[in-house]
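The values are calculated or read from the model by the stated rules, or taken from the named source; none is laboratory data. None of the values given here were measured: they were computed from a predicted structure. As a convention, Cβ positions derive from the backbone with ideal geometry for all residues, glycine included, and neighbour counts pool all protein chains shown. SASA here: full protein model, heavy atoms, side chains in, ligands and nucleic acids out. Shrake-Rupley method; radii C 1.70, N 1.55, O 1.52, S 1.80 Å.
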Amino acid sequence: MQQVARFAWAALYWNVAVILWGAYVRVTQSGAGCGNRWPLCDGGVVGTSAAGRTIVEFTHRITSAISLLMVSGLVIWCWRVTKKGDWARYSAVIAAVLLADEALTGAALVLLKHVGNDKSAGRVFLLCLHFGNTLLLLATMSLTANWLSIGSRSFALIGKWRQLSSVGLSLLATMVTGITGAVTALADTRFPSTSFASSLAQDFSSHSPVLLRVRLLHPALAVTTACYVLGVFWKSSTGRNRLSRSVITLIALLFIQVAIGTTSILIVAPVWIQITHLFVAEALWILLVLASADLVLEAAKEGRKR
């Protein structure tokens with residue numbers, strides 16, 4: 001069980017890295033590096049004639065394929081070492097389905113030419129679906145790894161419906177905030193600014209594209225969501241007379257993420273801070289999912305008897 005748990009954590013970390021590389025593909029506008037072919041590539045990917053954007057995009061496709069192999073292997077391994085009714089085996093299957101959907105959505109972005117300089121509504125819509133699916137993928141993979149680490153078992157929801165609804169709302173709000181962040185990142189990439197003043201002027205100009213005029217929604221949602229999540233987990237944890245390590249780390253990351261986001265706005269989102277912002281967002285989301293599960297799930301009776 002511990003071996004498959006370590007493999008599950010490794011698969012999760014690998015997918016975090018793949019997502020970060022995908023962000024680098026967007027920031028460098030390398031999504032069209034392989035033309036509109038998928039999963040093959042139009043241009044050469046090796047040798048002195050290989051274009052930089054082609055290498056970046058093709059590398060992302062290779063790492064994504066490795067993710068599919070790792071998660072497929074995780075599903076098989078989970079079903080071999082867990083018992084009927086263990087949630088880890090089912091969350092692993094859901095993760096595999098979400099990863100397949102992730103690949104198909106990425107393919108659609110390429111085949112429909114919603115990459116590179118494209119700023120159409122279709123690209124924004126698919127980007128929102130893509131990032132929402134990404135968050136669900138990370139959630140199921142982190143839960144799978146965690147449940148395998150504790151020996152895997154079945155669970156039941158606690159009977160405190162007010163706490164369930166507040167935790168569920170915090171997860172939903174964080175997802176929506178993340179999706180608006182993806183749209184904001186696209187706006188920063190497509191319409192780069194040279195200074196904070198010019199960036200702010202673009203946001204409030206009636207002549208600016210819609211992408212620019214809606215990007216202020218993300219920081220507003222981020223601060224509101226951070227305050228709400230902080231309140232929910234502080235109240236829930238103090239009600240249990242303890243602050244777990246994961247909740248303490250979650251609270252610390254909330255403050256760090258808001259600070260990084262503020263810095264990103266002030267220095268007009270260079271590549272390195274966009275990647276850092278996304279990395280902390282992924283870590284924050286994973287911790288939020290695990291902390292939420294700890295608050296709203298309890299071992300089912302059959303799980304206690306084993």
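Calculated on the Cα set of the stretch 186-232, radius of gyration then Dmax: 13.0, 40 Å.
Placing +1 on each Lys and Arg Cβ and -1 on each Asp and Glu Cβ, with no other charges, gives the stretch 169-268 a dipole about its Cα centre of roughly 400 debye. Distance from the alpha carbon centroid of the stretch 160-238 to that of the stretch 130-154 works out to 24 angstrom.
The accessible area of Lys113, taken with all protein chains in place and a 1.4 Å probe, comes to roughly 130 Å². Kirkwood radius and radius of gyration were both taken over the C-alpha atoms of the stretch 132-199, and their ratio Rg/Rh is 1.19.
The label point for Gln3 and the one for Ile248, both projected 7 Å from the Cα toward the Cβ, are 3.5 nm apart.
Cα to Cα, under 15 Å, and not fewer than 8 places away if on the same chain: which aspartates and glutamates meet these conditions relative to Lys160? The qualifying aspartates and glutamates are Asp294, Glu298. With a simple spin-label model that places each label point 7 Å from the Cα along the Cα-to-Cβ direction, the separation between Leu111 and Ile267 comes to 4.1 nm.
Each 20 Å bin from zero holds the following percent of Cα-Cα pairs in the chain: 31, 56, 13, 0. Rg and Dmax, both from the Cα atoms of the stretch 189-298 and both in Å, are 16.9, 54. For the chain, the membrane-span-like helices by this rule, meaning whole DSSP H stretches whose C-alpha atoms cover at least 24 Å of axis and whose Kyte-Doolittle mean is -0.5 or above, are 2-27, 52-81, 87-111, 121-149, 161-190, 217-239, 245-266, 271-296; this says nothing about an actual membrane. Note on Ser208/Asp101: beta-carbon distance plugged into 1/(1 + (r/R0)^6) with R0 of 35 Å gives a FRET efficiency of 0.60.
Ranking Met1, Leu137, Leu172 by how far each Cα lies toward the positive end of the dipole of the chain (charges on Cβ) leaves Met1 at the top. Each peptide in 119-126, 187-194 gets a packing score, the mean of other Cβ atoms within 10 Å over its residues, and the list from highest to lowest is 187-194, 119-126.
Computed over the stretch 84-217, the alpha-carbon pair-distance distribution with 5 angstrom bins reads 2, 9, 14, 15, 16, 13, 10, 8, 6, 4, 2, 0, each value a whole percent. Counting each DSSP H run of 4 or more residues in the chain as -39500 (n - 2.57), what helix-only mean residue ellipticity at 222 nm follows after dividing by all residues, to the nearest 500 deg cm²/dmol? Calculated mean residue ellipticity at 222 nm is -26000 deg cm²/dmol. For the chain, a Gaussian network of Cα nodes joined below 10 Å ranks Leu40, Leu295, Leu127 by mean-square fluctuation, and the top entry is Leu40.
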